[in-house]
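Input: a single structure, listed below in structure tokens.
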Amino acid sequence: MIKTISKIIKQLSSEPKKLFLIDSIGALTTAFLLFVVLRNINEYFGMPERILTYLSVIGVCFCIYSTTCFFVIKANWTPFIKGISIANLLYCILTIGLIIFYHPQLTTIGIAYFLGEIAIICGLVYIELNVATEINKSRIGNNTND
């Protein structure tokens, strides 16, 4: 597992543009699931519909950011990768807070969904931060060879 993650980090470090594509697809998927799926079968999850709407809007904003980075950024990827990783981490913290606050009305499936989402996003954050570190290392290594 660690070897696989290391390979992913190494590959994305050489093609950071793909990281933004992955992030934008993930954010769009989150927004779709929250707004279209969970809101329509909310009795199985328990999170208030307006909260699901707010979370889906955040997902759309993250999707727009990552898509914009994918198409516009040509160099100096690190600050933009760090930006989305911090935003993703804050989203996870917000979601944990919402799980705690709405715990009495959440179903077991609802708690499992949100914890699963947090786990996936935290995995992505780990990869994003390590990719940013690898890019910085390679850039510093290339500068010392000049």
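The values are calculated or read from the model by the stated rules, or taken from the named source; none is laboratory data. Since the structure is predicted, the reported quantities are computational estimates derived from the model, not experimental observations. Every residue, glycine among them, receives a Cβ derived from its backbone with ideal geometry; neighbour counts consider all protein chains shown.
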Among the residues of region 44-74, which ones are touching a residue at least 24 places away in the same chain (Cβ under 8 Å), of a type in the set (A, V, I, L, M, F, W, C) and touching a Phe, Trp or Tyr at 6+ places or on another chain (Cβ under 9 Å)? 45, 47, 51, 55, 57, 58, 60, 62, 69, 70, 73
Single unsatisfied condition, residue 47 versus (1) outside any helix (DSSP H, G or I); (2) of a type outside the set (Phe, Trp, Tyr); (3) surrounded by 15 or more Cβ atoms within 10 Å (Cβ to Cβ); (4) at pLDDT below 95: (4)
What single numbered condition from (1) part of a helix (DSSP H, G or I); (2) in contact (Cβ under 8 Å) with a residue 12 or more places away in the chain; (3) over 18 Å from residue 125 (Cα atoms) fails to hold for residue 36? (2)
Just checking, how many residues over region 2-44 are loosely packed, with under 15 Cβ neighbours inside 10 Å and over 30 Å from residue 104 (Cβ atoms)? 13
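Here is a yes/no grid of residues against (1) out of contact with any helix residue (DSSP H, G or I) (no Cβ under 6 Å at 6 or more places or on another chain); (2) of a type outside the set (Ser, Thr, Tyr):
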| residue | (1), (2) |
| --- | --- |
| 12 | no, yes |
| 25 | yes, yes |
| 29 | yes, no |
| 57 | yes, yes |
Working only within region 53-101, note down all residues that are surrounded by 17 or more Cβ atoms within 10 Å (Cβ to Cβ) and part of a loop (DSSP other than H, G, I, E, B). 77
